Every structure is written in structure tokens, then in C-alpha cells.
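Undergrad: Got a structure for you, written out below as C-alpha cells; questions coming shortly.
The values are calculated or read from the model by the stated rules, or taken from the named source; none is laboratory data. Treat the numbers as computed from the prediction; the structure is a model and nothing was measured. Cβ sites come from the backbone with ideal geometry, for glycine too, and all protein chains shown count toward neighbours. Ligands, DNA and RNA are excluded from the accessible area calculation, which covers all protein heavy atoms including side chains. Shrake-Rupley method; radii C 1.70, N 1.55, O 1.52, S 1.80 Å.
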Amino acid sequence: MDINIISCANSSCGIGRYTNELGIQLFENDHNVKVFRKDKPQPPIFQTYPYRSFKGLRHYIAPFFLSKALSGIETQVWLADYVDAAFALSLKKDNRDAIIFTNVHDAIPFIFPTSKIAFEFYKTQLKNAVKISKKIIAVSEASKKDLVKYADIDPDKIEVVYNGINHDFFYPDATKKVNDVFTIRYVGGLSGPHKNAETLIEVAKILEQKGLNFRLEIGGGHPENTVLPSLVEKYNLKSVEFSGFIPDSDLRSFLAEADLFLYPSKYEGFGFPPLEAMACGTATVSSNAGSLGEVLADGALTSSPAPKDLANEVEKIILSHSLKSEMEQKSASQAKKYSWEKSAHQHSELFLKEVLKRNLGRASS
């Protein structure tokens, strides 16, 4: 099939990872694929388009730049990686014959809304995406359920296709590194309310009060712009370190060499960071919020996002070498259930079904 994937996101974020990995896999499956995104051109499939961010307005104006870049381009299937990219397609004047799909990764804007203007604009984009798309693709059953609940989308309109993990990039070390101190690590956003990053500090406080010997290394950009360092200072914690942004070149080792990965999020549509840690064979403690209980299953120890509950699960692993070893095995096994090969196959089956349906309709008329 001819498939164009379009994006208003940067390649380094979670949506960007979905777009990148899926595009590559569909191309390797012999589809004719082009991916339009804002950064990192990588011929033959990844193309960029002229774009100016205008800082705080970037989410509002990106669809207009993308729409202009798509003018005159026709294809069999369009996949918008989020509602803003679908909005760009609705602005495109020559898409009347297109078969459009839109991925809606989660219901975060409904559960953790930002400004009223941003929320209203998002709802407009989502309504438009539902209208123009043959199917809405959700990345978990939990996300589908929330989209039905909060956005009142017909459940028959939504198909669940799980994301994948790149197991050529995320894999266990042949021999687990022995750290001088039990090392807990986190990678992810530090400021979004749903990320619940303050709980990392609260967990460290509880563990220190219990006299446990550990080190918590927090990976994420610009911690100085958050309350986290001030919380560390307020509690006079000795165990917490800020590692800053972890580039892709260091990400696998950062995850694989940890004794434990801790993920306190209050909501995820899928949950890349804990699954990537699990793919590296690292024991994982996570909240069970949103999709996390569904996606991580028994490959991680899960609890509510409350600091006390997460700290209890972390303590179990710190104190039990046998449990740590068991969870390392379970984590890798669970992560293996998710691959981009499987995800791309399910995407292409969904696309082909709608293409054939349209062709049969034309033939009968």
C-alpha cells in the first residue's frame, strides 16, 4: 500500500517514537511509506517540512505548516499520528478521496487539562479527527475506554493497536552490572502533572526514613525548572541525584544498569519508559494508573500512584535478591509481547481492510 504518515510532533517525544518506529517497520514490510515530520530528515522515508515554532503557539500553528507542505500530495492511506496532524489533513483541499486514520494515544487532555483555550482547541481537533477518519486508533484498551467515556466516541469507531518496543535497541546486558549501592532510576517528564514526578522524591523520603541504602537517579530535562530539587533540599535527602536529559545513545545503558526502574505516573495511554526498562531486563515498580496495569501486567510490581504504596513495592525488591531476580525475568518476558513488527502488521491489516471495503463499494456501484 501507499501510506503517508504525518506528524506535528518532534521525533524525541513518545508520539515521535511511535511515528518513527512504525514508519520504519511499515517500510521494511514493503509498503510505500513517506513520513512527514518537523525534524530529522532521513531519506528515503522521512521528510521534513518548513516550520516555525513561535514558542507557545507551536501546537496551534504546526497543522497549518503541515497542511501547506501536503498540498498536492495524494496517497492511498493517510495516518495522522495525533489529532493535530489530522487537523492539518482537514485543512488540505485535495483529500476527498483519502482513507484517513488517526491515532489518539490517550485521554490526558480530559483528565489533566491545561488552559481552557488549549483544551477547547484540542476538543475541536479531536472532533474533527473523529469526523474525517475511518478509524481512530488507540494504543491500549484503557485508552479506548477513556476516549469513549470522556470524548463520547463510538466504541465501534476505535480500534486498539498496541505500540511496540524496539528490541534491537532495548535488550538486557549479558551480565548485570553490580552497583556499589542499590540503584533506582527514572526516565521521563518531570513537570507534567500526570507524570507525578514529585512522588519520586516522596518515595525516596520514605525509604531513607526506613534506613534503606539506595541511590535514586532521576533522568529528565531541566529539573531546575521544577519543584523537585527544592523538595530534596527541604527533606534533606542524601540519596537523590539528577542525571539531566538522557540522550538515546545512553538510554539503554541507563535503564539496563539500574537495579530497579521506578515509574509513578498518574496516567499513561501506553507507557514506553517502564516497558523499555523491562525490555532491558530491569526489575520495575510502577503505578497501575491508566494503561499501566494492563500493559505491564505481571512483568512489574504495581500499586496505586501514592508514595507509600510505591515505596512498599520498592522496599520488597531492595530487601529480596530472589524477588529482584524473578522480576528481572518477568519484566523481559512481558516486554517481548510488544514489538513494532506486530504493531505494523496490525496497522497494515486495518488499513487494508478499509482499502478493500472502499474498492468493493466502487465496484458494486
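Undergrad: Can you run phi through the Karplus equation (6.51, -1.76, 1.60; θ = phi - 60°) for segment 310-322 and list ³J(HN,Hα) in whole Hz, with x for Gly and Pro?
TA: 5, 4, 4, 5, 4, 4, 4, 6, 4, 8, 10, 5, 5
Undergrad: Still on this structure: Which residue, chosen from P307, A297, F121, occupies the Cα position most advanced towards the positive end of the dipole of the chain, where the dipole is computed from +1 (Lys, Arg) and -1 (Asp, Glu) charges on Cβ about the Cα centre?
TA: So the residue furthest toward the plus end is F121.
Undergrad: If you put +1 on each Lys and Arg Cβ and -1 on each Asp and Glu Cβ, how big is the dipole of segment 1-160 around its Cα centre, in Debye rounded to 20?
TA: Here segment 1-160 has a charge dipole of around 680 debye.
Undergrad: Taking the Cβ-Cβ separation of Y235 and D154 as r and a Förster radius of 51 Å, what is the calculated FRET efficiency to the nearest 0.05?
TA: 0.60
Undergrad: Further question on the same structure: Label E224 and D97 with points 7 Å out from Cα along Cα→Cβ: what is the distance between them in nm?
TA: 5.6 nm
Undergrad: If R₀ is 45 angstrom, what is the calculated FRET efficiency for the pair F169 and A306, using the beta carbon separation as r and rounding to 0.05?
TA: 0.85
Undergrad: Distance from the Cα centre of segment 1-79 to that of segment 155-177, in angstrom?
TA: Cα centroid of segment 1-79 versus Cα centroid of segment 155-177: 21 Å apart.
Undergrad: Quick one: pull the percent of accessible area on segment 71-207 belonging to carbon and sulfur, 1.4 Å probe, ligands and nucleic acids left out.
TA: 52 percent
Undergrad: Only helical DSSP H runs with n ≥ 4 go in: add -39500 (n - 2.57) per run for the chain, normalise by residue count and round the 222 nm mean residue ellipticity to 500 deg cm²/dmol.
TA: One gets -14000 deg cm²/dmol as the mean residue ellipticity at 222 nm.
Undergrad: Still on this structure: Can you give me the C-alpha center-to-center distance between segment 289-365 and segment 242-275, rounded to a whole angstrom?
TA: 15 Å
Undergrad: Let me ask you something else. Given 0.36 nm per residue, what is the gain on full extension from F119 to K131 after removing their alpha carbon distance, in nm?
TA: Extending this stretch completely gives an extra 2.5 nm.
Undergrad: S253 to L323: extension gain in nm, 0.36 nm per residue of separation minus the Cα-Cα distance?
TA: Stretched out fully, the S253 to L323 stretch lengthens by 23.0 nm.
Undergrad: With springs connecting C-alpha atoms under 10 Å apart, model the chain as a Gaussian network and identify which of H105, H194, H321 has the largest mean-square fluctuation.
TA: Answer for the Gaussian network model of the chain: H321.
Undergrad: Can you send over the carbon and sulfur percentage of the accessible area for segment 245-329, probe radius 1.4 Å, protein chains only?
TA: Reported share for carbon and sulfur atoms: 50 percent.
Undergrad: A follow-up question, please. Find the centroid of the Cα atoms in segment 84-125 and in segment 213-231, then give the distance between the two in whole Å.
TA: Centre-to-centre distance over Cα atoms comes out at 33 Å.
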